[in-house]
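The structure under discussion appears below in the form of structure tokens.
Every number in this text was worked out from the coordinates using simple rules, so none of it is lab data. Computed from a predicted model, the values in this text were never measured in an experiment. Because the Cβ atoms are built from the backbone with ideal geometry, glycine has one as well, and the counts that use them run over all protein chains shown.
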Amino acid sequence: MKYSRAIAPAKVILFGEHFVVNGSRAIATALDLFTSVTAAEKASWPLELESASLGLKCVTGPELACSSRELEPLLSTIRALRSRGYDVPPARLTIESDIPPSAGLGSSASVSAATAAALTALAGQDIGPEELFEVTMEGERVAHGNPSGVDAATVVYGGTIVFRRGVGVLDSLDSRVGPIVVAYSGVRRSTGAAVLSVIKSLNAVRELRDLMIGLVERLIDAAWEALRDGSLETLGNLMNINHGLLSAIGVSTPELEELLYAARRAGALGAKLTGAGWGGSVIAVARPDAMKGVVEALSSRSSWVRVLEGEARGARAIETNP
Ligand code: PMV
């Protein structure tokens, strides 16, 4: 029986979330935390999907629908594969993910990208990154409503990227960024609702919105230079400034602020929320000698803290048999 396995990384947005939906660039990086999808060919329909880590299961008909709302983004990606001419063979898909869902770490994009990579590998078809990005975006549209595409691009291309909505990846760094401390607040939230709320409040103050987007663009230039030079101190400083802007547009929360201040007090050079906010996760950078203290400070307030390295490669099939 034919079998394939694909993986896709998690991501964090380092700079520019929300503003990227409204016209600025963003910088994001893939992380060494993965979704893995195995696809085992079956003799006949239905397609079966199961994720023990996400607690989800569904059996579809040939029309690729099922009753699990959480799996709908994934099914939308699979339907997009089919409508682009890829053969979707009947298969049993097993999804395992180390990425907490709805935590701002790109779980939905990672699951969609790994699934598309596994299914195309199973059917013996090549899918390039452009099409993998497009089908992942179909899932993201269902998951988030109005995605900029930065999550999908980061998990598909890997590395550290500068991204602009409607244009794509403008620049990239293969070299690893990191280590980055990531702490999940434990508060799940909807990216789509946060995005809509920010669009609405920014549109109510158009002149200010344009000034803020201009500021974020300058921040992105400075951050890219700091990333290329490996200047951790500048990076931390710019992360603090970016967080101030995210607070200003109303997406921080007391839980996130508590994590950020704990990290900074313990010696982090900078910390910010990452992703849509209203819950989700924070990231921090620290010098090696301060790292242990930062992790301890965050661990006393969060049950999910990781020190993660950047991941240079994006979604890909890693096993195909035969
Ligand atoms: O929290 P996440 O991983 O869904 O990140 C969303 C990033 C936003 O800029 C808020 C939305 C987007 O589509 O870019």
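Numerical summary
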read-out: Nearest-ten-degree value, helix 191-203 long axis tilted from longest Cα axis of the chain; value: 50 degrees
read-out: Check: region 143-221 dipole with +1 on Lys, Arg Cβ and -1 on Asp, Glu Cβ, in debye; value: 340 debye
read-out: Neighbourhood net charge (13 Å Cβ-Cβ; Lys/Arg +1, Asp/Glu -1) for Y261; value: +1
read-out: Cβ-placed point charges (K, R +1; D, E -1), dipole of region 179-309 about Cα centre in debye, nearest 20; value: 380 debye
read-out: Lys pairs, the chain - Cα-Cα below 29 angstrom, 8 or more residues apart or on other chains; value: 9
read-out: Ranked list, fewest to most other Cβ atoms within 10 Å of each Cβ, for L49, L245; value: L245, L49
read-out: Ranked list, fewest to most other Cβ atoms within 10 Å of each Cβ, for M291, M1, M239, M137; value: M1, M291, M137, M239
read-out: Listed residue (S53, L256, F15) projecting farthest to the positive dipole end of the chain, Cβ model; value: L256
read-out: Point-charge dipole on Cβ atoms (K/R +1, D/E -1) for the chain, about Cα centre, debye to 20; value: 440 debye
read-out: Amide H partners (placed H, <5 Å) of G158, local residues excluded; value: G314, A315
read-out: Ranked packing of 40-48, 270-278, most packed first, by mean Cβ within 10 Å; value: 270-278, 40-48
read-out: Positive-end extreme of charge dipole, the chain - chosen from Q125, V195, G168 (charges on Cβ); value: V195
read-out: Extreme residue, positive dipole direction of the chain, given options L31, P89, S102 (C-beta unit charges); value: S102
read-out: Vicinal HN-Hα couplings computed from phi for region 256-261 (Karplus, 6.51 cos²θ - 1.76 cosθ + 1.60; Hz; Gly/Pro x); value: 5, 4, 4, 5, 4, 5
read-out: Measure of compaction for the chain (Cα Rg per 2.2 N^0.38 Å); value: 0.98
read-out: Cα coordinate range in region 15-145, projected on the principal axes (Å, largest first); value: 47, 30, 27
read-out: FRET efficiency, 1/(1 + (r/R0)^6) with R0 22 Å, evaluated for A222 and L170 via beta carbons; value: 0.90
read-out: Extension gain, K292 back to S44 (0.36 nm per residue minus Cα-Cα distance, nm); value: 84.0 nm
